[in-house]
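K.L.:
What follows is a single structure, and I will ask about it in a moment.
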Amino acid sequence: MARSWFLLLATALACTVLAAGAFGNPPSASATVTYPLDPSRDLPIPDRAYGSACVNHPARDRCETIFVRALNRGRETLAAPAYALPAHFHSLTGREQLLVLANLDRRLYGRGSILGLNATLNASAERGAASAVDPAFVPVGGQSLQSGASNWAGGVHGALFAYFVWMYADGALGWEHRHNVLMQSPGDVLILGIGSAASASGYPSWTALLESFAPSSLIDCVPTVVLLSARSGTDPGATTLRILGLGFVHVRRVTFGGVPAAFDRESAAALLVTPPQHAPGKVRVQVVTRGGTSRLTAAAAYTY
């Protein structure tokens with residue numbers, strides 16, 4: 001099981017199963033295209049990475065846009081298409097953003113998708129971030145993992161900064177962090193944990209923990225709503241929409257503004273839902289599974 005680490009100091013001391021079509025076109029058009037697994041060289045950290053926008057507000061649009069552009073430049077060096085990010089990507093938490101990005105990169109290389117976030121792995125990742133070390137591998141629900149990989153990044157402001165370092169500025173370590181994100185797990189159930197914390201030295205720290213389990217394993221995930229196929233409707237009970245996201249396993253209920261809706265589970269990444277009757281206005285859609293409840297975000301907004 002691979003483990004890796006990275007400490008980014010330099011400037012910091014001187015002055016981070018998708019449904020087809022959910023996030024851009026399905027991979028069929030590029031199925032015969034192979035991209036280099038690793039960049040030919042490290043990409044420079046964006047000039048504004050240590051400016052006030054990212055240091056003070058790493059999770060706001062302005063800073064995240066800096067790193068989305070940097071990530072797309074990384075894809076360009078591989079002659080690969082830009083990241084097809086979902087609408088309202090900036091409304092997702094850093095943890096959710098890293099899940100989306102990791103699956104987009106795994107999809108590019110035909111690797112198995114990450115099923116979703118897991119609370120047990122998130123907790124281990126948080127402990128690693130707080131201690132400024134790789135998170136420890138842990139069993140989930142009494143089940144032992146088949147394989148795993150873990151990353152840590154220190155001195156990085158925000159999830160996208162950490163992901164950029166792991167994927168495009170890791171050549172000195174043989175792209176080990178990148179290989180961890182793209183770890184092979186054919187046929188296994190692959191889940192993810194993400195942690196962030198300020199280390200004892202005061203520098204921000206981010207971690208990622210991937211673990212795979214046997215295909216027959218029953219793993220709970222914290223659901224993540226990423227996209228609604230329709231964001232409004234005028235005839236509740238007569239129309240259907242798809243909720244696209246991750247971690248839709250052991251789904252217990254789906255609600256629109258707290259009102260339960262009829263649903264069918266198409267996959268771990270898609271639910272087919274009939275919006276219930278509701279008073280006019282904007283509501284938030286939530287998915288409740290045995291592993292947790294999705295957050296109320298702009299990506300999950302629906303208007304009656």
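K.L.:
Here's a check for you: in the range 231-255, which residue that is among the small types (Gly, Ala, Ser) and over 23 Å from the mean Cα position of the chain (by Cα) is farthest from THR93 (Cα to Cα)?
P.N.:
That would be ALA238.
K.L.:
Does MET167 satisfy the condition of being open to solvent by less than 30 Å² (accessible area, probe 1.4 Å), out of contact with any helix residue (DSSP H, G or I) (no Cβ under 8 Å at 6 or more places or on another chain), more than 30 Å from ALA230 (Cβ to Cβ) and not β-branched (Val, Ile, Thr)?
P.N.:
Here the answer is no, as MET167 does not meet what is asked.
K.L.:
What number goes with the only condition from (1) open to solvent by 20 Å² or more (accessible area, probe 1.4 Å); (2) assigned to a strand (DSSP E or B); (3) in contact with a Lys or Arg (Cβ under 6 Å, 6 or more places away or on another chain) that LEU296 does not pass?
P.N.:
So LEU296 meets the others, but not (2).
K.L.:
Quick check on THR274: is it of a type in the set (Ser, Thr, Tyr) and touching a strand residue (DSSP E or B) at 6+ places or on another chain (Cβ under 6 Å)?
P.N.:
yes
K.L.:
Being part of a loop (DSSP other than H, G, I, E, B), in contact with an Asp or Glu (Cβ under 6 Å, 6 or more places away or on another chain) and buried (at least 18 other Cβ atoms within 10 Å of the Cβ) is the filter here; which residues of the range 136-155 pass it?
P.N.:
The answer is LEU145, and nothing else.
K.L.:
Considering (1) open to solvent by less than 10 Å² (accessible area, probe 1.4 Å); (2) more than 24 Å from the chain's Cα centre (by Cα), say which one VAL287 fails and leave the rest.
P.N.:
(2)
K.L.:
Still on this model: Just one of (1) of a type in the set (Gly, Ala, Ser); (2) within 22 Å of CYS63 (Cα to Cα); (3) not in a helix (DSSP H, G or I) trips up ALA162, so point out which.
P.N.:
Of the numbered conditions (1) of a type in the set (Gly, Ala, Ser); (2) within 22 Å of CYS63 (Cα to Cα); (3) not in a helix (DSSP H, G or I), the odd one out for ALA162 is (3).
K.L.:
Every residue in the range 88-98 that is part of a loop (DSSP other than H, G, I, E, B) and not β-branched (Val, Ile, Thr), please.
P.N.:
Listed by number, the residues that qualify are HIS88, LEU92.
Yes or no, residue by residue, for (1) part of a helix (DSSP H, G or I); (2) open to solvent by 40 Å² or more (accessible area, probe 1.4 Å); (3) of a type in the set (A, V, I, L, M):
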position	(1), (2), (3)
GLY74	yes, no, no
ALA79	no, yes, yes
PRO86	no, no, no
ALA125	yes, no, yes
GLY128	yes, no, no
ASP134	no, no, no
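The values are calculated or read from the model by the stated rules, or taken from the named source; none is laboratory data. These figures come from a predicted structure and were not determined experimentally. All Cβ positions, even for glycine, are placed from backbone atoms using ideal geometry, and neighbour counts span all protein chains on display. In case anyone asks, the SASA skips ligands and DNA or RNA and just uses the protein heavy atoms, side chains included. Shrake-Rupley method; radii C 1.70, N 1.55, O 1.52, S 1.80 Å.
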